[in-house]
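The structure appears right after this line, and notes come after that.
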Amino acid sequence: MNYSFEYIDIILLAMIAGFIFLRLRGILGKKTGFEENINSSFPHEEVPETKVSPVLNAETFDDAAKKDFLNGAKIAYESVITSFSKGDLKSIKNLLAKDVYDQFDEAIRDKQARNETSDTTFIGINSAEIKDHNQNKNMLEVSVEFVSEIISCIKDKDNKVVSGDAQKVKKVLDTWKFIKDSTSKNPNWLIVDTQA
């Protein structure tokens with residue numbers, strides 16, 4: 001008697017599998033060999049060559065260039081803040097001028113020497129505004145004022161908060177200076193100064 005129930009279960013499962021197979025075949029169809037070649041269905045256009053943008057300088061740093069720059073600056077700002085708080089400068093080394101990198105590295109080493117850790121949660125950027133931009137020989141310099149919200153505290157080796165507040169969102173005002181060689185094809189900007 002027990003064997004008959006097992007046979008019924010197997011038959012029911014086979015019927016369900018067959019039903020699912022037939023439904024999928026009805027929805028997806030089957031390959032017959034007469035399918036239309038999709039490559040000939042749509043006209044293909046050659047991708048036009050990208051135009052070389054004009055040399056970036058104080059005169060060509062127009063509204064569109066400023067908007068693009070600010071989008072990149074916001075990404076760089078968040079990356080630097082979060083990586084610095086984790087003590088990871090390798091991932092942002094290409095964004096920092098050597099002396100700024102050295103300052104950040106020294107601050108991280110000082111925290112490590114005191115057995116302190118930084119606990120930072122980046123909430124977001126409220127605003128980013130270009131305060132100044134000028135040309136110094138080949139170098140284009142742009143100063144940006146960032147207003148952001150961050151939760152930040154420093155904890156000792158016993159995980160006790162020694163400064164900051166792990167529960168409170170604070171508004172932070174930073175002014176960072178970026179530079180770029182206007183004759184270089186490298187699109188990256190370098191952060192040369194950070195002031196809180």
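Side notes on the structure shown:
- What the Kirkwood sum gives for the range 63-195 is a hydrodynamic radius of 15.9 Å, with every pair of different alpha carbons counted.
- Excluding same-chain neighbours fewer than eight residues apart, the lysines reachable from LYS160 by a Cα-Cα span under 26 Å are LYS86, LYS111, LYS168, LYS170, LYS171.
- Table column - 3J(HN,Hα) (Hz), the range 149-162, Karplus curve with 6.51, -1.76, 1.60, x for Gly and Pro: 10, 9, 9, 8, 8, 10, 10, 7, 5, 8, 6, 9, 6, 9
- Reachable lysines, given that their alpha-carbon falls under 17 Å from the alpha-carbon of LYS98 and they are not under 8 places away in the same chain: LYS90, LYS177, LYS180
- Built amide H within the under 5 Å cut-off of LEU96, gap 5+: ILE191
- Whole-Hz couplings from phi, Karplus 6.51/-1.76/1.60, listed for the range 115-129; x for Gly and Pro: 6, 10, 10, 9, 10, 10, 10, 7, 7, x, 9, 6, 7, 9, 9
- For MET139, residues with placed amide H under 5 Å, excluding near neighbours: SER182
Since every read-out is calculated from the coordinates, none of them should be taken as a lab result. The structure displayed is predicted, hence computed values, not measured ones.
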